[in-house]
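This report refers to the structure that appears directly beneath it.
Please treat every number below as a calculation from the coordinates, not as lab data. Being a predicted model, the structure only gives us computed values, none of them experimental. We place every Cβ from the backbone using ideal geometry, glycine too, and count neighbours over all the protein chains shown.
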Amino acid sequence: MRIFDISRKLVNGMPVWPGDTAFQYEVSWPMEESGSVNVGRLELSTHTGTHVDAPFHFDNGGKRIYELDLNLYIGPARVIDLPPEIESIGVKELKDIDLDGVTRVLFRTLAWKNGTVFPEKIPHIEPELAPYLAKKGIRLIGLDVPSVDPIDSKELPAHHSLNANGIHILESLILDEIAPGEYELIALPLPLVDGDGSPVRAILRQW
Ligand SMILES: N[C@@H](CC(=O)c1ccccc1NC=O)C(=O)O
Ligand SMILES: [Zn+2]
Ligand SMILES: [Zn+2]
């Protein structure tokens, strides 16, 4: 079985959402001091690199990370190629694609071209797409950009619409090397009891 790692590397200096906590890893207790082991310490935002959003991220009454059903994050997923330089992702982009039986879709936009800097402009999900996907039975969408809404959006209409339609969100995947098709997705969030989001190690498997 082949495994494709679709996660962004967590490394000091990596791009983060404008104004958010910089990612920092350090060996805070080195072997020379502890006498036996190296022990690291992390400082990071819950929206660092490849991550899932909990509804609490954009809704004070929404579910926290630990309350999310792990079945969402393990199972069959369809990778869909979108046209280059696409402005937004709506029903018209998907109407000719048969989504019957698909519960997880990953959109490959390739819009985040330079992974060392945070993108200024990204294709976003049109809020009207959420009820369409929900009707098809989709429970999770993933993208290779850091948000389902425009970067400068404060209202977050796509986040809200997806949540209202029972669709969960996986952001900042790396899908450059992934051919469109059927895979098994595994992208489990950490058991952050009160979390609004969580980094994940996202992989695709294919027989
Ligand atoms: N909605 C984005 C993140 C986001 O909006 C954000 C992340 C960190 C710090 C501030 C943020 N938004 C501020 O308006 C996401 O879901 O990852
Ligand atoms: Zn997020
Ligand atoms: Zn988000």
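With respect to (1) of a type outside the set (A, V, I, L, M); (2) more than 24 Å from A134 (Cβ to Cβ); (3) surrounded by 14 or more Cβ atoms within 10 Å (Cβ to Cβ); (4) within 16 Å of ligand 3 (Cβ to nearest atom), the lone exception for H51 is condition (2).
In the range 128-155, how many are within 21 Å of T103 (Cβ to Cβ) and crowded, with 21+ Cβ neighbours inside 10 Å? Show your work before the answer.
The first filter runs over the range 128-155 and keeps only residues within 21 Å of T103 (Cβ to Cβ), leaving 128-144, 148.
From what is left, the residues that are crowded, with 21+ Cβ neighbours inside 10 Å are 129-130, 133, 138, 140-144, 148.
Final tally of qualifying residues: 10.
For the range 161-186, how many residues are crowded, with 16+ Cβ neighbours inside 10 Å, part of a helix (DSSP H, G or I) and out of contact with any strand residue (DSSP E or B) (no Cβ under 9 Å at 6 or more places or on another chain)? Full working, then the answer.
Filtering the range 161-186 down to residues crowded, with 16+ Cβ neighbours inside 10 Å leaves 161-163, 165, 167-175, 178, 183-186.
From the residues that got through so far, the ones that are part of a helix (DSSP H, G or I) too are 161-163.
Retained after the next criterion (residues that are out of contact with any strand residue (DSSP E or B) (no Cβ under 9 Å at 6 or more places or on another chain)): none.
Of the residues in the range 161-186, 0 are crowded, with 16+ Cβ neighbours inside 10 Å, part of a helix (DSSP H, G or I) and out of contact with any strand residue (DSSP E or B) (no Cβ under 9 Å at 6 or more places or on another chain).
If only residues of the range 187-197 that are closer than 22 Å to A130 by Cα and touching a strand residue (DSSP E or B) at 6+ places or on another chain (Cβ under 6 Å) are counted, the one that is nearest to ligand 2 (Cβ to nearest atom) is G197. For beta carbons closer than 8 Å, sequence separation of 6+ or different chains, a first residue in the range 149-160 that is assigned to a helix (DSSP H, G or I) and a second that is within 12 Å of ligand 2 (Cβ to nearest atom) and aliphatic (A, V, I, L, M), the qualifying pairs are A158/V148; H159/V148; H159/I169. If the condition is being surrounded by fewer than 21 Cβ atoms within 10 Å (Cβ to Cβ) and more than 10 Å from ligand 1 (Cβ to nearest atom), then the range 54-67 contributes F56, D59, N60, G61, G62, K63, R64, Y66, E67. What pairs come up if the first residue lies in the range 57-78 and is farther than 19 Å from T46 by Cα and of a type in the set (G, A, S), the second is within 16 Å of ligand 2 (Cβ to nearest atom) and assigned to a strand (DSSP E or B), and their beta carbons are under 7 Å apart, counting only those six or more places apart or on different chains? That search, which allows pairs on different chains as well, returns A77/L106.
Kindly indicate the residue of the range 137-148 that is under 18 Å from G49 (Cα atoms) and assigned to a loop (DSSP other than H, G, I, E, B) and also farthest from ligand 1 (Cβ to nearest atom) among those meeting that condition. Residue satisfying both the conditions and the ranking: D144. Can you say whether G61 is part of a loop (DSSP other than H, G, I, E, B) and within 16 Å of ligand 2 (Cβ to nearest atom), as far as the supplied structure shows? Answer is no for this residue.
Does A158 qualify as being within 24 Å of D96 (Cβ to Cβ) and away from ligand 3 (no atom under 15 Å from the Cβ)? Here the answer is no, as A158 does not meet what is asked. One residue is enough: does the range 29-37 have a residue meeting the conditions under 17 Å from W112 (Cβ atoms) and more than 16 Å from ligand 2 (Cβ to nearest atom)? The answer is no; no qualifying residue exists. The set of residues from the range 38-56 being farther than 12 Å from P199 by Cβ and out of contact with any Ser or Thr (no Cβ under 8 Å at 6 or more places or on another chain) comprises N38, P55, F56.
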